[in-house]
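The values are calculated or read from the model by the stated rules, or taken from the named source; none is laboratory data. Just so it is clear, the structure is predicted and the values come from calculations on it, not from any experiment. FYI the Cβ positions are ideal-geometry reconstructions off the backbone, even for glycines, and counts take in every protein chain you see. Calculation scope for accessible area: heavy atoms of the full protein, side chains included, ligands and nucleic acids excluded. Shrake-Rupley method; radii C 1.70, N 1.55, O 1.52, S 1.80 Å.
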Amino acid sequence: MAALDARGRGAGGPPEAALGTERRLHDGLRQWSAHGLASYREAFPADPDGASLHEDVEPWIYRHRPRDGDPWQAREYRLTVWGRRLRSTDGKLRELRLPATRLRAGEPPAGFVAAAALVLAEGGPGPAPERVRIVEFALLGGASRTLFDGTPEEARALYRAGGRAALASVLDGQEYRPGSSCVECPFLAVCPALRRAPGLLGVGSDGRPRRSWSVTNGRTYRACPARDHMRRLHLPALDAVEHDPTAERGRALHAYLARCHGSGSARPCTVEVPESWVPPGYDLSAGERELGARLLRHHAAVCPLRLTRDGSDVRPEARVVRHDSAADVIVIAAPDLLYRDAGSWVWRETKTSSRRRASNLPLLEQYPQLALATLMSVRGDLGGAPDRARIELEVLRPDGADLEVIDPFAAETRAAAERIVRELVQGWLQDDQYPANPGRGCARCEMSRWCSKSAPRQGV
Ligand code: SF4
């Protein structure tokens, strides 16, 4: 968006100058922005219907002053839209262009389109249009599709049919969702949902800006800082790497187990795995499906629900988010399963492997999420009684299942966990350049398309 704004101002030169920043943009962001601009030109070659569209600099705002008795006691509502705003020279047409990484399959959220259509039809400044259009375009491929095209009256009718209820549900929302957005939240210090864990990571902030961090970030950063940075920027990943058959099978298997464990019945899994076990949305070959079913049958022997009393003791795919106020980092963890064993929380990680033999590396080194789990457990960050608190690693192999149990209170385990987590965080916390680290990992890097240091280069 900033690059398109700069282009509208006629700014030339390097992207940093055009964007009005003195900081050098990260290589990946430069590559991606250049690609996005080219895709925009491809999606909108020039004036498709001769309406001489030009960009509106002023935001479009729809204002509404409710009468007395407004359920949310607001004095005024303002609704605005984000995207490229264009208007025809004669003012009769307004067009909103919405950037997306890829065009989503299926219908867009109806309430969203209806609310945006209302802003186009009724919002100021400028004269009311006679026609409004909302178009979504793909930054990755340059394709576009029209989400709405009609008169202001049709836009208002669409809003009455679906937009009003969608906005009301947003205003009624009371849910807290701690996560990476906590980084920017001005209410962090008083938020009742974000729990503090000072000193969890074992490093000080040294006045660095607040950031979020997960073990996955730490591992990716250790392999290549540029790769982690580009992932954090949500640059589109290479499908061939992201949806590699082994990773896809692992994700499908986790989704299947989460569904079984989260059914609320607390019934342990059995060896009866249906032939159609693959959850919707996962695409597995016949061989991977068969291997997955075999691995799932081995899970029955070590299913943790054998130890729980009812559904309230089980949290599949839970998100554990803590604010390490000493490091000023929002720590995000996603255990495969948390379950309660006689009042103590147990952290279960499940891995799958098509190999029969395990690596010789110590477990906490091999899976640093176990190190973070150890620290959260031993410090009491998960709550519950300490008596039976433990970490479990379940490894499903074609020839059986292994269950490793880690005692977080063993002094040497805790010391190893502290060292592993500290080492993962330390360098990253001080870094704001995120240099590329080309090497063997490039061949399997999902960000390689946006990396000028990548070798060898891969296609999408
Ligand atoms: S292609 Fe290689 S150097 Fe570039 S981000 Fe990926 S791993 Fe790092």
State the antiparallel share, in %, of DSSP beta bridges confined to the stretch 195-430, rounding to the nearest 5. 60 percent
By DSSP, what percent of the beta bridges with both residues in the chain are antiparallel, rounded to the nearest 5? 65 percent
For 323, 243, 234, give me the order by solvent-accessible area with a 1.4 Å probe, most accessible first, ignoring ligands, DNA and RNA. 234, 243, 323
How much accessible area per residue does the stretch 195-430 have, counting only protein heavy atoms and a probe of 1.4 Å, in square angstrom? 46 Å²
For the stretch 267-320, listing GluC sites (Glu not before Pro) in a DSSP loop whose Cβ sees at most 10 other Cβ atoms within 10 Å gives 272, 275
Please turn the phi angles of the stretch 5-10 into ³J(HN,Hα) values with the Karplus equation 6.51 cos²θ - 1.76 cosθ + 1.60 (θ = phi - 60°), one per residue in order, whole Hz, x for glycine and proline. 4, 5, 4, x, 7, x
Residue 151 accessible area, nearest 10 Å², 1.4 Å probe? 60 Å²
Of all the accessible heavy-atom surface of the stretch 195-430, with the other protein chains kept in place and a 1.4 Å probe, what percent is carbon and sulfur? 47 percent
Where both residues lie in the stretch 44-172, what percent of DSSP beta bridges are antiparallel, nearest 5? 70 percent
Spit out the partnerless Cys residues in the chain, using Cβ distances under 4.7 Å as the pairing rule. 182, 185, 191, 224, 260, 442, 445, 451
Once amide H atoms are placed 1.01 Å from N in the peptide plane, what residues at a sequence separation of 5 or more from residue 351, or on another chain, have their amide H within under 5 Å of its amide H? 394, 395, 396
Would you kindly derive the ³J(HN,Hα) couplings of the stretch 86-103 from the backbone phi angles with the Karplus curve 6.51 cos²θ - 1.76 cosθ + 1.60 (θ = phi - 60°), listing them in order in whole Hz, with x for Gly and Pro? 10, 9, 6, 4, 7, x, 7, 10, 10, 10, 9, 10, 9, x, 9, 5, 10, 6
Under Stokes-Einstein, the stretch 286-382 at 37 °C and 0.692 mPa s, with its Kirkwood radius over C-alpha pairs, diffuses with a coefficient in µm²/s of 211 µm²/s
I'd like the accessible area for residue 112: 1.4 Å probe, protein heavy atoms, all chains in place, Å² to the nearest 10. 100 Å²
Tell me, what is the percent relative contact order of the stretch 366-411, built from C-alpha pairs under 8 Å that lie six or more residues apart? 33 percent
Output the peptides 72-84, 168-180 sorted from most to least packed, where packing is the average of other Cβ atoms within 10 Å over each peptide's residues. 72-84, 168-180
What does the convex hull of the Cα atoms come to per residue for the chain, in Å³? 193 Å³
What number comes out for accessible area per residue over the stretch 44-172 if the probe is 1.4 Å? Units Å², please. 57 Å²
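Rounded to a whole number, what % of the accessible area of the stretch 44-172 do carbon and sulfur atoms account for, probe 1.4 Å?
C and S atoms contribute 53 percent here.
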Quick one: which residues, 5+ away or cross-chain, put their amide H under 5 Å from the amide H of residue 60? H built at 1.01 Å from N. 81
Helix 411-430 against the longest principal axis of the chain: what's the angle in degrees, Cα atoms only, rounded to the nearest 10? 20 degrees
Quick one: work out Rg over Rh on the C-alpha atoms of the stretch 167-278, Rh as Kirkwood radius. 1.04
For the chain, what relative contact order do you get, as a whole percent, if you take Cα pairs closer than 8 Å and at least 6 residues apart? 14 percent
From most to least accessible, 1.4 Å probe, no ligand or DNA/RNA atoms counted, 338, 403 line up as 403, 338
Rg followed by Dmax, in Å, when the stretch 195-430 is reduced to its Cα trace: 18.2, 55
Divide the volume of the convex hull of the Cα atoms of the stretch 44-172 by its number of residues and quote the answer in cubic angstrom per residue. 116 Å³
Give me the percent relative contact order of the stretch 45-151, please, defined on Cα pairs under 8 angstrom at least 6 residues apart. 26 percent
Folded to 0 to 90 degrees: helix 286-299 orientation relative to the chain principal axis, Cα: 50 degrees
